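Student: There's a structure below that I have some questions on.
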Amino acid sequence: MSAKVQIDEETGLPIIRKKPAQEKEDSTPSSRYLRAQKCDEIDAKFGFSHYRDAAERTGWMINMHPADVLDENKQLVSAVDFYFIEEDGQRFKVALPYQPYFYVATKKDTEREVSSYLSRKLSGRLASIDMVEKEDLDLPNHLVGLKGKYLVLRFHTVEDLMKAKRDIMPAVRKNKEREKTHSAYDPSLFTRVSSEPVLPTHITDQMENIVDIREYDVPYHVRVAIDNKLNVGHWYRVKGHGYDPPEIHLVDDEPDRPCTNVLESIGPPVLQAG
C-alpha cells in the first residue's frame, strides 16, 4: 500500500521528505556555495554570465531566480539573479543581494523586551531587528489609518529566516490559542501609535509576548522584486559594481523600444526547407 502524499498548505505542492542527515547537509554553507557555483556554470553555458563591470548595459529582463552569493566579508548571503537580453541578442545576468525578512507583532509596550530577547536567541542568524509602524488590515477600523508597531527581523539568508520562523511559529500558535480561551479578539493587544501607554506585562518568557508573525510566507524572489520595483518583461539599464550590489533602473522611454528582436533571439534557429 503506497504512502499518502502530504501537500504543503502554503505552496500547494507535494512535500518531499528528506532524511535528517541529507537535509542538514543540503543547508550547510559549503553545500549551498557549491550549488551556487554549479548554477553559475550552467547559466554561463547558455550565455548568462555574471556582469560586474561599471559600463552601463540595457537589457530586457526575461527571468529571475533565487541564488546565493559571497558578500564583501566572504559570507554567503541570499540574492536574486536577474537575467537580461540586449537588443543584439547578447545575454548577461546580475545578482542583487537582499536581506529576507518578516514581521512579528507583540503585546502592548513589550517591543523592547522582545527585541532584546530575539537578538540573543537568534544570534548568528539575525542580521538586524528594528521597530516599524504598519497598518493592520485585520482590524475592523483599519480604514481610519490606525497603525501598529511591529518588529521587522532581517536575516543574511533565506535558510536563517526559515529556521527563525520554525522557532517562533509554535509560540505564536500557542499564544493565539491561549488568547481565544481567555476572551474574544481585543484590538488593545496590539500596540497603537495613538494608544495610551500602559504598564509593561511582567512575563519571564518573552516568547509569550509574541502574538503574531506576518509576511513570512512571501517567496524570496517575489519579495525582492516587489521591494525594488523590478518586473520581468521590461527594459532596464544595468551597471555592475564588482561584487557590490548592481544598479538596475527601469528605462524611461521603454514603450518606444521594440522587444521583437529580443524575443526572436531567445528561440531556436528556424529550419528552412531545402
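Student: In this model, which of Lys45/Lys229; Lys74/Lys239; Lys108/Lys147; Lys107/Lys176 are farther than 20 Å apart at the alpha-carbon?
Tutor: Violating the 20 Å limit, Cα to Cα: Lys45/Lys229; Lys74/Lys239.
Student: Using amide H atoms built 1.01 Å from N in the peptide plane, name the residues 5+ places from Ala127, or on other chains, whose amide H lies under 5 Å from its own.
Tutor: Here the answer is Arg154, Phe155, His156, since their amide H atoms fall under 5 Å of that of Ala127.
Student: Could you please state how large a percent of the accessible area of the stretch 42-109 is carbon and sulfur, counting protein chains only and using a 1.4 Å probe? Each step should come with its number before you reach the end.
Tutor: Values: 1410 of 3060 Å².
Reported share for carbon and sulfur atoms: 46 percent.
Student: Continuing with the same structure: In sequence order, what are the phi-derived ³J(HN,Hα) couplings for the stretch 77-86 according to the Karplus relation 6.51 cos²θ - 1.76 cosθ + 1.60 with θ = phi - 60°, rounded to whole Hz, with x for glycine and proline?
Tutor: Values per residue, Gly and Pro as x: 10, 6, 8, 10, 7, 10, 9, 10, 10, 7 Hz.
Student: How many nm is it between the label spots at Tyr103 and Arg52, if each spot is 7 Å from the Cα in line with the beta carbon?
Tutor: Taking the simple label geometry, Tyr103 and Arg52 are separated by 3.7 nm.
Student: Here is a follow-up. Can you tell me how much longer the chain between Lys229 and Asp253 gets when fully stretched, taken as 0.36 nm per residue apart minus their C-alpha distance, in nm with one decimal?
Tutor: Working it through step by step, the gained length comes to 7.0 nm.
Student: Highest mean first, what order results for 71-80, 101-110 on Cβ atoms within 10 Å?
Tutor: 101-110, 71-80
Student: Then there is this: Give me a comma-separated list of calculated 3J(HN,Hα) values for the stretch 209-226, in order, Karplus coefficients 6.51, -1.76, 1.60 applied at θ = phi - 60°, integers in Hz, x for any Gly or Pro.
Tutor: With the stated coefficients, the stretch 209-226 comes to 8, 8, 9, 6, 9, 10, 6, 7, 9, 6, x, 4, 5, 5, 4, 5, 5, 5 Hz.
The values are calculated or read from the model by the stated rules, or taken from the named source; none is laboratory data. All values derive from a computational prediction rather than experimental measurement. Note: ideal-geometry Cβ built from the backbone for every residue, glycine included; neighbour counts use all protein chains shown. Side chains included, ligands, DNA and RNA excluded: accessible areas come from the protein's heavy atoms. Shrake-Rupley method; radii C 1.70, N 1.55, O 1.52, S 1.80 Å.
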